[in-house]
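Okay, structure first, notes after.
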């Protein structure tokens, strides 16, 4: 009897496995009739690949401007380099939510934007003059936050910062960090354009490994953890019984760009929700389209309203979010509360409507 039950269980499991496998690639819908293939094509061709293309171009400019500065450290070249860093950092906000394909494989996001950067690690690497930037131990000493420190925080004023770069070790470290950022982005972009794009748009089913499910999980996780929590909640002390951490804002050393980066991130998040093409006002199939198909236009309107209200709320913040935390943190917590309203709409209502479950990689330690 036990053998027969075991045999039947095996057959049942096999049927489920085959069904799940088929669902990943051969069906273009979720069983609800919505054509997911058009959604994936719009995401890949009009949003994700163009955003990575622009970022790679901006990082190439950053690399060129870095080479000029390293060869001739002066105030003018420093200012040019800083401007290139900011432009690339702003574009990065449009790709940070896409943790799939090569980006997931090489942990791209963890090598590009872990903040606060660890100054002790950076300075130790520089003083030794030997380091492995691919090591996980250096993930908090590379990427945009590390460059933020290297361009704004290595000395008390601009003249002293420029003087630092008479030291070849500082030159080499700045050069190596920026070169690696460009190389990593080029690697991810090349994978999208050479083969991953076709694989991505083919995975139209409804399973944990299908493209729509992975993107939905990444998108909601990004909004909750990286935008709401990291950019606002953590510095404002929302998760630490009132203790604030002004030094944990994004772009801490440049001082005046943390609000700009927040604005870019929310714009990118909302544009993706609405299916708006990168750097364009044209729209394609999107979360809004999917919700409309399911008769949930009310939900898409609620989510857009909550995004808009959050944006209105944080317009009251100082350009320097570190300063805002220190002078009037109430405005930070109000912004957090406004951002939080969209979490339930996205994580519970939208994912429920799409019949998509949270995957095992979803990082949620603070509730809804």
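The values are calculated or read from the model by the stated rules, or taken from the named source; none is laboratory data. Keep in mind the model is a prediction, meaning the values are calculated, not measured. Cβ sites come from the backbone with ideal geometry, for glycine too, and all protein chains shown count toward neighbours.
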Q | Given (1) modelled with pLDDT of 95 or more; (2) under 23 Å from residue 355 (Cβ atoms); (3) touching a helix residue (DSSP H, G or I) at 6+ places or on another chain (Cβ under 6 Å), number of the condition residue 205 does not satisfy | A | (1)
Q) Can you spot a residue in the stretch 92-114 that is surrounded by 18 or more Cβ atoms within 10 Å (Cβ to Cβ) and more than 30 Å from residue 216 (Cβ to Cβ)? A) no
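Give 160, 127, 199 a once-over and let me know the one that is more than 26 Å from residue 261 (Cα to Cα), surrounded by fewer than 16 Cβ atoms within 10 Å (Cβ to Cβ), modelled with pLDDT of 95 or more and out of contact with any helix residue (DSSP H, G or I) (no Cβ under 9 Å at 6 or more places or on another chain).
Step by step, each of 160, 127, 199 is checked, and only 160 is more than 26 Å from residue 261 (Cα to Cα), surrounded by fewer than 16 Cβ atoms within 10 Å (Cβ to Cβ), modelled with pLDDT of 95 or more and out of contact with any helix residue (DSSP H, G or I) (no Cβ under 9 Å at 6 or more places or on another chain).
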Q) Condition test on residue 58, is it surrounded by 21 or more Cβ atoms within 10 Å (Cβ to Cβ), under 26 Å from the mean Cα position of the chain (by Cα) and at pLDDT 95 or above? A) yes
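Return the only residue of 215, 178 being crowded, with 20+ Cβ neighbours inside 10 Å, over 30 Å from residue 38 (Cα atoms) and at pLDDT 95 or above.
178
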Q) Restricting to helices (runs of 4 or more DSSP H) lying wholly in the stretch 191-274: which have 2 or more residues that are touching a residue at least 24 places away in the same chain (Cβ under 8 Å) and either in contact with a strand residue (DSSP E or B) (Cβ under 9 Å, 6 or more places away or on another chain) or under 17 Å from residue 115 (Cα atoms) (or both)? A) 258-274
Q: Tell me, yes or no, whether the stretch 300-315 has at least one residue that is part of a loop (DSSP other than H, G, I, E, B) and either without any contact (Cβ under 8 Å) to a residue 60 or more places away in the chain or surrounded by fewer than 17 Cβ atoms within 10 Å (Cβ to Cβ) (or both).
A: yes
Q: Look at the stretch 277-299 and say how many of its residues are in contact (Cβ under 8 Å) with a residue 60 or more places away in the chain, surrounded by 20 or more Cβ atoms within 10 Å (Cβ to Cβ) and not in a loop (DSSP other than H, G, I, E, B).
A: 3
**Q.** Verdict on residue 70 being under 30 Å from residue 228 (Cα atoms), surrounded by fewer than 21 Cβ atoms within 10 Å (Cβ to Cβ) and not assigned by TED's automatic domain parsing to the domain that holds residue 355
**A.** no
Q | Every pair of residues 6+ apart whose Cβ atoms lie under 7 Å, when the first sits in the stretch 68-91 and is at negative phi while the second is outside any helix (DSSP H, G or I) and surrounded by fewer than 17 Cβ atoms within 10 Å (Cβ to Cβ) | A | 73/166
**Q.** Selection within the stretch 254-274 - crowded, with 21+ Cβ neighbours inside 10 Å and over 14 Å from residue 227 (Cβ atoms)
**A.** 254, 257
